[in-house]
Amino acid sequence: KYEETQITYKTYEAVSPNDLSKTVLIMNYNVLAYYFTKYEYFPYCNENYLHVKYRAPRIVNEIEKVNPDILCLQECDFDLFSEYYLPNLEALGYTCHYKASSSNRIVINVVCYKRRAFTLEEEFKIDLNDELTKRDEAFNKYKDATVLCLTHRPSGKKLIVVNTHLYWNPDFEFVKYGQICKIVKDLEKKYSVDSPILLCGDFNSLPNSNVIRYIYGDKPELNNINRGDINKNKKLISEFWEENPHNMQLRSAYDSYKLGSMSAEPDYAENHPDFTVYTKEFIGTLDYLLYSSKHFKVAQVLNVPTHDPEVKSSKLPNKTYPSDHF
């Protein structure tokens with residue numbers, strides 16, 4: 001047992017988090033793939049704390065302490081997940097869904113759910129390569145979104161869980177914008193706006209980005225684009241916006257985090273946590289847990305330890321926090 005990480009919550013609404021017939025606890029976590037833990041990427045991190053044998057048990061322990069009903073993981077090494085994470089998560093009562101594509105058997109996304117709480121109705125993937133690559137070769141990134149349709153046993157209600165990891169490079173904003181448009185429109189087409197949806201992932205996008213603006217149904221701010229091929233970014237983002245209107249009414253569980261209470265009109269660019277990633281190269285919020293606001297209310301959110309002095313002195317990952325993401 002590793003007790004360094006403190007699990008504390010912010011309570012928002014008068015909904016008992018222990019009432020299983022009304023509440024669902026979701027955890028979203030980029031666990032930092034072993035494939036990416038080359039020392040040159042994290043030269044500030046003690047090599048002992050960077051090693052998978054140190055990090056993996058602590059990641060499982062964090063999951064066990066939060067004890068979510070639904071767990072979305074990004075950056076899972078296929079072999080490591082199969083051999084280590086999977087048996088440990090199954091022992092904690094989870095059924096896990098993951099598939100390695102023929103093009104990428106290295107790093108995968110995983111969706112897990114508590115067997116006592118859910119039954120699986122359907123599973124499929126949204127491909128973010130083939131159709132979009134016809135638009136531009138830059139979309140050939142071997143990305144996808146895993147989608148599960150689950151029935152919540154205590155209430156009998158169905159809900160859709162989606163997990164994805166958008167392209168990282170800030171010079172290619174149009175790529176991640178096209179990817180999120182594809183996810184949202186495919187969900188809307190298949191399930192309609194009347195389905196309860198939970199969309200989780202590492203979106204590699206800041207709260208004031210055009211990707212998050214799209215999720216909220218807001219027009220892109222093209223004049224703020226100043227990276228990469230600016231003209232191509234502006235052109236394709238503008239085209240995607242015109243072609244992919246939606247009415248999903250998605251909202252981030254953390255868009256009122258700094259306010260301390262849920263706001264009817266969230267200022268999503270200002271009120272997210274200061275960061276979910278803290279490395280030498282980058283500090284900012286990239287990870288999101290989104291929900292259809294017509295169907296869910298936020299009861300509690302996990303505190304983000306942005307004020308922990310160890311984070312600012314040691315960065316991520318470190319002795320206490322086993323990933324470069326919270």
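Readers should treat all values here as calculations from the given coordinates under stated rules, not as data from a laboratory. The shown structure was predicted, so the numbers you read here are calculated from the model rather than taken from an experiment. No Cβ is skipped: glycine too gets one built from the backbone with ideal geometry, and neighbour counts run over all protein chains shown.
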Inter-centroid distance (Cα atoms) of segment 251-273 relative to segment 42-56, Å: 33
Global form of segment 224-296, assessed from the alpha-carbon gyration tensor, a/c cut-off 1.5: oblate
Sites Asn208 and Val66 - FRET efficiency at Förster radius 30 Å, r taken between beta-carbons, to 0.05: 0.60
The chain - share of DSSP beta bridges that are antiparallel (%, nearest 5): 80
Karplus 3J(HN,Hα) series, Hz, for segment 148-163 with 6.51 cos²θ - 1.76 cosθ + 1.60 (x for Gly, Pro): 10, 9, 10, 9, 7, 4, x, 9, x, 8, 8, 9, 10, 10, 10, 10
Cleavage-rule hits, trypsin sites (Lys or Arg not before Pro), segment 268-326, DSSP coil, Cβ neighbours within 10 Å at most 16: Lys280, Lys294, Lys297, Lys319
Value of Rg to Rh for the chain (Rh from inverse mean 1/r over Cα pairs, i.e. Kirkwood): 0.93
Leu289 long-range amide H proximity, modeled H, under 5 Å: Ala253, Tyr254
Karplus (6.51, -1.76, 1.60) ³J(HN,Hα), θ = phi - 60°, over segment 282-297, in Hz, Gly and Pro reported as x: 7, 10, x, 8, 10, 10, 9, 10, 9, 9, 6, 5, 6, 10, 10, 10
Dipole of the chain, positive end: most advanced residue of Val184, Phe118, Tyr29 [Cβ charges, Cα centre]: Phe118
Theoretical ellipticity at 222 nm over the chain - DSSP helices of four or more residues, -39500 (n - 2.57) apiece, nearest 500: -6500 deg cm²/dmol
Cysteines without a disulfide-compatible partner [the chain; Cβ-Cβ under 4.7 Å]: Cys45, Cys76, Cys149, Cys181
Sequence ranges 74-84, 185-195, ranked by mean other-Cβ count within 10 angstrom, highest first: 74-84, 185-195
Efficiency of FRET from Cβ geometry, Glu265 and Ser155, R₀ 25 Å, rounded to 0.05: 0.30
Virtual spin-label span in nm between Asp130 and Glu47, 7 Å along Cα→Cβ: 4.5
Check: segment 100-225 dipole with +1 on Lys, Arg Cβ and -1 on Asp, Glu Cβ, in debye: 580
Integer Hz, Karplus 6.51/-1.76/1.60 couplings in order for segment 128-141, x for Gly and Pro: 10, 10, 4, 5, 6, 5, 5, 7, 6, 4, 5, 7, 7, 10
Rounded to the nearest 20 debye, dipole of segment 64-139 from Cβ charges on Lys, Arg, Asp, Glu: 260
Using a Förster distance of 25 Å, the FRET efficiency for Glu83-Lys319 (Cβ separation, nearest 0.05): 0.50
Distance between modelled label sites at Thr8 and Asn231, nm, 7 Å Cα→Cβ extension: 5.3
Nearest-20 debye value, the chain charge dipole, Cβ charges on Lys, Arg, Asp, Glu: 480
Filtered trypsin sites (Lys or Arg not before Pro), segment 214-271: DSSP coil and at most 15 other beta carbons within 10 Å: Arg227, Lys258
